[in-house]
Amino acid sequence: MRGEGRKGSDIDLVVVFDRLETAWRETFIEGEFPFEVFVHDPETLSWFFESDIARGYPVIIHMVATGQILGPNPDKGQIWRDYAASILHASPPGLEGEKLNALKYQITDLLDDLHGEPAAPEIQAIAAQLYQPLADLMLLGRGRWSGRGKWIPRLLREVDWHLADSFDDAFGRASAGDVEALCNLTHTELDRHGGPFFAGDKRMASQQARRKSLVPGG
């Protein structure tokens, strides 16, 4: 519908009923086309919108904002599409406080692993773990929405082609065993937010995080 389909692309459908017992997601194949269907009512769709906003990944919001309206109530569909588009045009919640520190801690921990002269297979594993949080820092830290998987290179290019190329080049070099570019890029991005963060990290567990001891007498 958008002219962006490739081999293997699926079709996302957001189906909204007046009222459901619960929302669900379902996949199927019809006419050799893979479909992924997200079934909601207005209340469940609102909950997932809020969840997307809080995480900084407007996945279903983007589907609604860019989708083609089908069905018997196009006016209601247009209201949802306009609302979703207004969210995308606004900035995500600010990256600060505990959320920023948690992200910086995760990145710093992986960066330290890269500095530890790991073997080539370990470099690939570390880089794979670093890909998402570093992209989050680069995008959310610039007041832009983040994404997952194939959306990350696209979103970075919308921000800055040079930045996106540096990101792609750094991870490409890391996959070949050269971590220097990736380490430099990671340090640069951390420095934009006060530098690496490791010492002082503390996160309290929920008071509900208890179970009867599995060890007799333990």
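The values are calculated or read from the model by the stated rules, or taken from the named source; none is laboratory data. For clarity, every value in this text was computed on a predicted model and none was experimentally measured. Cβ coordinates were reconstructed from backbone atoms using ideal geometry, including for glycine residues, and neighbour counts include every protein chain displayed. Quick note on the areas: whole protein, heavy atoms, side chains included, nothing else; ligands and nucleic acids left out. Shrake-Rupley method; radii C 1.70, N 1.55, O 1.52, S 1.80 Å.
Laid out as a table, the results:
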{"item": "Under-26-angstrom lysine pairs by C-alpha in the chain, whenever the two are 8 or more apart or on separate chains", "result": "6"}
{"item": "Distant-in-sequence amide H partners of residue 14 (H built 1.01 Å from N, under 5 Å)", "result": "38"}
{"item": "Size of electric dipole in the stretch 157-218: Cβ of Lys, Arg +1 and of Asp, Glu -1, about Cα centre, debye, nearest 20", "result": "960 debye"}
{"item": "Span from the the stretch 86-130 Cα centroid across to the the stretch 3-62 one, whole angstrom", "result": "27 Å"}
{"item": "Candidates 81, 192, 19, ranked by Gaussian network fluctuation over the chain, Cα under 10 Å, top entry", "result": "19"}
{"item": "Dipole of the chain, positive end: most advanced residue of 72, 29, 54 [Cβ charges, Cα centre]", "result": "54"}
{"item": "Theoretical ellipticity at 222 nm over the chain - DSSP helices of four or more residues, -39500 (n - 2.57) apiece, nearest 500", "result": "-17000 deg cm²/dmol"}
{"item": "Cα centre as origin, Lys/Arg/Asp/Glu Cβ charges: the chain dipole, Debye", "result": "500 debye"}
{"item": "10 Å Cβ shell holding at most 11 others, DSSP loop, GluC sites (Glu not before Pro): longest site-free stretch of the chain", "result": "97-218"}
{"item": "For the stretch 133-218: rounded, prolate or oblate by the Cα gyration tensor [a/c cutoff 1.5]", "result": "prolate"}
{"item": "Share of carbon and sulfur in the accessible heavy-atom surface of the stretch 1-132 [1.4 Å probe, %]", "result": "53 percent"}
{"item": "Rounded to whole Hz, the Karplus (6.51, -1.76, 1.60) HN-Hα couplings of the stretch 96-111, x for glycine and proline", "result": "7, x, 4, 5, 5, 4, 5, 5, 5, 4, 4, 5, 4, 4, 5, 4"}
{"item": "J(HN,Hα) series, the stretch 32-37, from Karplus relation 6.51 cos²θ - 1.76 cosθ + 1.60, nearest Hz, glycine and proline x", "result": "6, 9, x, 10, 10, 10"}
{"item": "Among 25, 55, 144: highest mean-square fluctuation, GNM of the chain, C-alpha pairs under 10 Å", "result": "25"}
{"item": "Karplus (6.51, -1.76, 1.60) ³J(HN,Hα), θ = phi - 60°, over the stretch 205-210, in Hz, Gly and Pro reported as x", "result": "6, 5, 5, 7, 7, 9"}
{"item": "Percent antiparallel among DSSP beta bridges (both partners in the chain, rounded to 5)", "result": "55 percent"}
{"item": "Of 156, 100, 70, the one that fluctuates the most in a GNM where the chain has Cα springs shorter than 10 Å", "result": "70"}
{"item": "Global geometry of the stretch 72-218, whether rounded, prolate or oblate, following the gyration tensor of its Cα atoms and the 1.5 cut on a/c", "result": "oblate"}
{"item": "Over the stretch 109-213, relative contact order from alpha-carbon pairs under 8 Å, at least 6 apart, %", "result": "25 percent"}
